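**Q** I am attaching a structure below and will ask some questions about it afterwards.
The values are calculated or read from the model by the stated rules, or taken from the named source; none is laboratory data. If you're wondering where the values come from, they're calculated on a predicted model, not measured in any experiment. Here the Cβ positions follow ideal geometry from the backbone for every residue, glycine too, while neighbour counts run over all protein chains shown. Just so you know, the surface numbers come from the protein's heavy atoms only, side chains and all, with ligands and any DNA or RNA stripped out. Shrake-Rupley method; radii C 1.70, N 1.55, O 1.52, S 1.80 Å.
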Amino acid sequence: MRFNSEGNEDDIRQAIEYLESAKQIHDSLKLRINEISAPCILDLPYDSIGGRSISLAHAPPCRFRFIHCRPLVAKSALRVFEFESLPMGRYAPISYVWRGLGADPNHNPKEFFSVTGATNADPLSLNILRLACIAALQNHVELLWLDGLCILQESKEDKDWQIQRMYNVYRHCALCLIIPGGMTRLATLETPTSWIHRAWTLQEVMGPKESRVLFAWQYGTCILQTFFPVRIEDLSPGEAGTAEFMRLLQMSGKRPNVREDPNHKPLVPLPDGTLEIKLLSNGDYFQRNSLIGALDTLKEGRHANSVWRSAMVRAAFRPVDKILSIMGVLNVRLNPANYPTLDWKQAAIDLMRACLEGGGKADWLAIAPELGVNPEICTLPNFPATGEKGIAVVVTEDGEKSVGGVVRSYVEGWELVGAPGGSMTEDGYLTLWGSVANLQKCDGSGDVDGLVGGFQCVGKERYAVVPKYGVDNGFYALYVGRKVQYTNGAIPRWIDPNDHIVMIVERKGEGKWWTVDYAFVTEELCRREEWYQDNVTLG
């Protein structure tokens, strides 16, 4: 055929007919017709996928890979395409937990597949992957990104390359699909999940402009109603639905009324008001409010403190993931190859140093004082442990508790405003410049509130501000800023006179201090004449 012949209209017409026919016969050509040049690196018949382990070891590293939705929805094939650059706005990534609810005890192994090298992951449900593709197509998106399959699990080189670019994968998507129960079994709205407790899921909702939650749902399209509505869109009748993420997060912990959508009849009788939304937050208001705050402050570009708080109190099987998972949100790129699996400290130091460059602030201060001081980096809190169900827990004398059950100072949700600036050395010594006051540690007798310049710390120790040239007891207060409550309507607000934050530090050597505790104090105390400007080096 002379498809490029000039002036031959018959040939051109016939070429178009052949292309249209080929488009229907071989779906991969559609990508090229739509001006996307991407080779297919995996093409498996749909009926051959169940029960097998899929390997992409033959694919070259350091590429972006996506699942093509149409052939999967049609149950014809699983096809993965490879791109040298991100097809911005043309794909939907999935946010999920690698170890979720697990499969139903009576599941059919032929309905699942695994990925070679993804040793810590649950098997992947073909049906859930197909539902995600349906949701993407309903939103006019033809490509799907699933880290378990689209990252070469057998290649450390590819993993390191992908981690450095992962925030951009979410930031430049058309929308993000959140599947909180994992890729093995869909969770209902009333099913608690570990999704909000996992480190990596934070950046997965901070990046996208739009996110929707996919969950088990049998009632069809309808409305959840509290003091604001959430519309549930039927995805697969009697099986699954989707809802807008932010509104569903705000409704977490509530018992909404479920009412009919004016344009849709329910598939089965609607629940009678006993429905409680547990899918996203599992009743942990600390995790919920810290995420809402991070999302709200992101819009105004002052999200650093909220991001640090939300990230450091999440669970991660590898501690370094707490750092690598937020570097993109904070506009920093670190190379994971520089950090051994357990060496989170150096990664944190490098991230902090980058954040302070160019006049940045130490926005990671005071993010969770009740968790105590981290023994490795004293300006961070102790990290929560990973509980049996994958959630972040704090080990106390009374057993394991959720982070929200321990960090009581954050029930209302707030951000730190006015954090001090400073610098950090390569070995992690942080020098802050700000208002400092000498302290006298008080004994256990008497009422500290009646003591001039007296206050009580989060850890219940009591101190009093004393003149600079008085007795030096080795304890000092460093002013770190104000706590300003979030203005989101889903989070309660009240007047708190103790809305200024000071860090209690103890001298450990010549010119070196260590964080001991924090205190929430009044503005009046911070205006006392005993305060002076000075440098404090912590580490």
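**Q** Please give the helices (runs of 4 or more DSSP H) falling wholly within region 146-226 in which 1 or more residues are in contact (Cβ under 8 Å) with a residue 40 or more places away in the chain and over 23 Å from Leu291 (Cα atoms).
**A** Result: 147-150, 156-171.
**Q** Right, something else. What about Ser310, is it assigned to a loop (DSSP other than H, G, I, E, B) and within 18 Å of the chain's Cα centre (by Cα)?
**A** Judged against the criteria, Ser310 is not a match.
**Q** Right, next: Output the qualifying pairs, or none if there are none: Cβ atoms under 9 angstrom, residues six or more apart or on different chains, first residue in region 458-471 and at pLDDT 90 or above, second residue surrounded by fewer than 13 Cβ atoms within 10 Å (Cβ to Cβ) and of a type in the set (Asp, Glu).
**A** Going by the 9 Å Cβ cut-off, the qualifying pairs are Arg462/Asp443.
**Q** Of everything in region 210-226 that's of a type outside the set (Gly, Ala, Ser), modelled with pLDDT of 95 or more and open to solvent by 20 Å² or more (accessible area, probe 1.4 Å), which residue is nearest to Gly102 (Cα to Cα)?
**A** Restricting to residues being of a type outside the set (Gly, Ala, Ser), modelled with pLDDT of 95 or more and open to solvent by 20 Å² or more (accessible area, probe 1.4 Å), the top hit is Arg212.
Yes/no matrix, rows are residues, columns are (1) at pLDDT 90 or above; (2) open to solvent by 50 Å² or more (accessible area, probe 1.4 Å); (3) not in a strand (DSSP E or B):
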{"residue": "Thr487", "(1), (2), (3)": "no, yes, yes"}
{"residue": "Arg493", "(1), (2), (3)": "no, yes, yes"}
{"residue": "Val516", "(1), (2), (3)": "yes, yes, no"}
{"residue": "Val536", "(1), (2), (3)": "yes, no, no"}
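**Q** Filter region 63-89 down to residues that are in a loop (DSSP other than H, G, I, E, B) and touching a strand residue (DSSP E or B) at 6+ places or on another chain (Cβ under 6 Å) and give me whichever is farthest from Ser114 (Cα to Cα).
**A** So, considering only residues that are in a loop (DSSP other than H, G, I, E, B) and touching a strand residue (DSSP E or B) at 6+ places or on another chain (Cβ under 6 Å), the one farthest from Ser114 (Cα to Cα) is Leu86.
**Q** So, one more: Working carefully through the options Leu478, Leu525, find the one that is of a type in the set (A, V, I, L, M), touching a strand residue (DSSP E or B) at 6+ places or on another chain (Cβ under 9 Å) and either open to solvent by 30 Å² or more (accessible area, probe 1.4 Å) or in a strand (DSSP E or B) (or both).
**A** Leu478 is the lone residue from the list that is of a type in the set (A, V, I, L, M), touching a strand residue (DSSP E or B) at 6+ places or on another chain (Cβ under 9 Å) and either open to solvent by 30 Å² or more (accessible area, probe 1.4 Å) or in a strand (DSSP E or B) (or both).
**Q** Still on this model: Which one of these does Ala354 not meet: (1) modelled with pLDDT of 95 or more; (2) closer than 21 Å to Arg198 by Cβ?
**A** The one condition Ala354 does not meet is (2).
**Q** Residues in region 91-131 that are small (Gly, Ala, Ser) and within 20 Å of the chain's Cα centre (by Cα): how many?
**A** Qualifying residue count, region 91-131: 4.
**Q** Mind checking which residues of region 64-102 are touching a helix residue (DSSP H, G or I) at 6+ places or on another chain (Cβ under 8 Å), touching a residue at least 60 places away in the same chain (Cβ under 8 Å), over 17 Å from Ser125 (Cβ atoms) and open to solvent by 10 Å² or more (accessible area, probe 1.4 Å)?
**A** Phe64, Arg70, Leu86
**Q** If a residue must be surrounded by 19 or more Cβ atoms within 10 Å (Cβ to Cβ), part of a helix (DSSP H, G or I) and more than 19 Å from the chain's Cα centre (by Cα), how many such residues does region 336-354 contain?
**A** Result for region 336-354: 2.
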